[in-house]
Amino acid sequence: MQNVTFIINPFSAKKNYQPFLDSLKSKVENPIYIISKSIEDTENFIKENYDKTDIFIAIGGDGTISTVAKNLINSEKILGIFPAGSG
């Protein structure tokens, strides 16, 4: 089984991440996620969970996706994208 973490940008999608989070919590027991406050917050979360995570799901816009992608490039990790940007 692959371990999955979720990185949520609360400033994307007009701050309407709560329905996604509620759905995630109802389907996954003890999901690993962060509601990121900054790029540094996201990068620290990835570093802290890197060895125990196979799939990182970025929930946000192009900035969030770019930040997660640059931290996974040239690795065996999988980047999942849940588009939730303002565009």
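The values are calculated or read from the model by the stated rules, or taken from the named source; none is laboratory data. Values in this document were obtained by computation on a predicted structure and should not be read as measured data. Every residue, glycine among them, receives a Cβ derived from its backbone with ideal geometry; neighbour counts consider all protein chains shown. Accessible surface is based on the protein model in full, side chains and every heavy atom, while ligands, DNA and RNA are left aside. Shrake-Rupley method; radii C 1.70, N 1.55, O 1.52, S 1.80 Å.
Would you point out the residue of the range 1-39, among those that are of a type in the set (A, V, I, L, M) and under 14 Å from residue 84 (Cβ atoms), that is surrounded by the most Cβ atoms within 10 Å (Cβ to Cβ)?
In this case the residue turns out to be 7.
Name every residue in the range 40-63 that is open to solvent by less than 60 Å² (accessible area, probe 1.4 Å), at pLDDT 95 or above and part of a helix (DSSP H, G or I), in order of residue number.
Of everything in the range 40-63, those that are open to solvent by less than 60 Å² (accessible area, probe 1.4 Å), at pLDDT 95 or above and part of a helix (DSSP H, G or I) turn out to be 41, 42, 43, 45, 46, 49.
Pick from the range 14-32 the residues that are part of a helix (DSSP H, G or I) and farther than 23 Å from residue 44 by Cα: which of them is modelled with the lowest pLDDT?
Across the range 14-32, the extreme among qualifying residues is 14.
Among the numbered criteria (1) in contact (Cβ under 8 Å) with a residue 12 or more places away in the chain; (2) in a helix (DSSP H, G or I); (3) in contact with a strand residue (DSSP E or B) (Cβ under 9 Å, 6 or more places away or on another chain), which one does residue 69 miss?
Status for residue 69: all satisfied but (1).
With the condition kept exactly as written, say whether any residue in the range 7-25 is β-branched (Val, Ile, Thr) and under 15 Å from residue 79 (Cα atoms).
Within the range 7-25, one or more residues are β-branched (Val, Ile, Thr) and under 15 Å from residue 79 (Cα atoms).
If I filter the range 16-26 for residues that are small (Gly, Ala, Ser) and within 13 Å of the chain's Cα centre (by Cα), do I get at least one hit?
no
Any idea how many residues of the range 64-84 are open to solvent by less than 30 Å² (accessible area, probe 1.4 Å) and more than 18 Å from residue 41 (Cβ to Cβ)?
1
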